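The values are calculated or read from the model by the stated rules, or taken from the named source; none is laboratory data. As the structure is a prediction and not an experimental result, all values here were calculated from the model. Backbone-built Cβ (ideal geometry, glycine too); neighbour counts: all protein chains shown. What goes into the accessible areas is simple: the full protein's heavy atoms, side chains included, and nothing from ligands, DNA or RNA. Shrake-Rupley method; radii C 1.70, N 1.55, O 1.52, S 1.80 Å.
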Amino acid sequence: MTGRVLVQNGWIVTMDPGLGDLRRGSVLIEDERIVSVAEHIDVPDDCDVIDADGMIVHPGFVDTHKHLWQTALRGVVGDRTLVGYFSDVRRDYLSRFRPEDAHLGTLVGALELLDGGTTSVLDHSHGVVSPEHADALAQAGLASGIRGVWAYGYCPVEVEGLQAFPSHAYRVKDAYRVKEAYFGSDDDSLLRMGIAATEQNLLPLELTENEIRSALDMDTVWTSHTHCGPGNAPITRGFHTLVAKGLIDHRAVLSHCNEFRVDDFDVVRDLGAHFASSPDSEIALGIAHPTPYRDALLAGVQPSLGTDCVTCMSADMYANMRVALMFARHQINNGPGSNYETIVEQPVSTRDVFRWATTEGADALGLADRIGSLAPGKYADLVLVDTRALNLAPVLDPVADLVLHGHAGNVDTVIVGGQVRKRGGKLVDIDVRGLLSQLDDSRDYLLASTGPLEESAALADEAQDWSERLTSLS
């Protein structure tokens, strides 16, 4: 029970087609849910009043592709490509992660999202080195107070030529253990469990099929890196094989989809699956066809947005929206522009991209009826952005202001399920300095224990070699 909270005098961006924007309005919260959105609401008894004068009030962002466990490795592959990320982060550093490193990274990463206005996440948690790591990762997600889906990662982790699970089947069995221990069957829980499948063709197909069937058996959201592999390696390619086996439906959140074209997205649309894009990392890591917005939109598939991993990109959803907007416009406008045609109207608006970060993300997580917009009956997940800042004032269009100029540092207040998690620019009841000190220690341990990393020139065949090693362990 969280009681009553009244947010008043703000510029309300509801993202609800019936309510629209309120130039000066209020949002009344009772316990976990919004009960009223209006231009004026009388202050009820026993109510915590938050004055949002000079602020934009908007739905919390929904990040649909994130690897929270990597927080201690911030920026470590800033100048590497995708194969460097595979070898450095997914192979070498991860093999040295202790359960406490996985727990701390997930906790601090989730708090970073909350601090920046992201209230829900699909955490693709492929840092499951062992059952003890799985416990630590799940416990951290629950302790953070973020909403969304914690997705148990099935990808094997090689540690000195071995893995902690006796077989891949045992790893799948362990996911059921974790679900029973921490998540149960309550569909209204703040954080639910999902499945993060191993990249297609990294393991034999029958193992990938078993992974996905476990998610369908649990009736939960599952996600996978999809058609975003390095070079000619077959890793991540196999979507249509999964379709032929009847494994793709509305519970699938397909990340990246960089090689998809219109006909592929036609299949995504017809099956009700979802497309999660992380434009920063896709462009930064040298993937051949980053962010295929043009083809998705032509097929009628609306993207959602993820901030992927802090090893190579920012966790700031405002910045991520900006990259998505500019790249989508470039893709669509480049053809006629290159032919010296006059572009009269923008094909993708700032509000389109804001929708990708809110309502489309909610839909991907199976929560469209509960989050993503500010309307009576929905969970009270909302963000107050202080526009009395040099980068935001004056406000003419609140959505354009946030997408084009906002950043995480402008977030004043964050509410999740009616609980105030950040207020006056500071997280509530969180020892940030203490956590950051622990994070420094975790970083120092990982750097010291991992040893020298491979030179870039030696990584040409890493993806195929990695596949062969993991298959032999499974």
Treating the angle as unsigned and between 0 and 90°, give the value, to the nearest 10°, between the Cα long axis of helix 262-271 and the longest Cα principal axis of the chain.
70 degrees
Express in nm, to one decimal, how much length is gained between Val428 and Asp270 on full extension, taking 0.36 nm for each residue of separation and deducting their alpha carbon distance.
52.5 nm
Whole percent per 10 Å bin, from 0 to the bin with the longest distance: what is P(r) over all C-alpha pairs of region 1-149?
11, 30, 26, 17, 15, 2
Helix 317-338: inclination vs the chain longest Cα principal axis, degrees, rounded to 10, gives 80 degrees
For region 129-233: span of alpha carbons on each principal axis (Å, largest first)
42, 29, 24
So for R0 = 35 Å, FRET eff. of Arg33-His250 from the Cβ-Cβ r, to 0.05, ends up at 0.90
Computed, not fitted: 222 nm per-residue ellipticity of the chain from DSSP H runs ≥ 4 (each -39500 (n - 2.57)), nearest 500, equal to -10500 deg cm²/dmol
Tensor-based shape of region 345-438 (alpha-carbon gyration tensor, a/c under 1.5 rounded, otherwise prolate or oblate)
oblate
Cross-link partners of Lys173 among lysines (Cα-Cα below 25 Å; sequence separation of 8 or more within a chain):
Lys66, Lys245
Compute the angle between helix 168-178 and the longest alpha-carbon principal axis of the chain, please, reported from 0 to 90 degrees and rounded to the nearest 10.
30 degrees
What does the highest-first list of 102-111, 427-436 look like by mean Cβ count within 10 Å?
102-111, 427-436
Descending accessible area (1.4 Å probe), largest on the left, turns Val83, Val383 into Val83, Val383
Diffusion coefficient, µm² s⁻¹, Stokes-Einstein with Kirkwood Rh over alpha-carbon pairs of the chain at 10 °C and 1.306 mPa s:
70 µm²/s
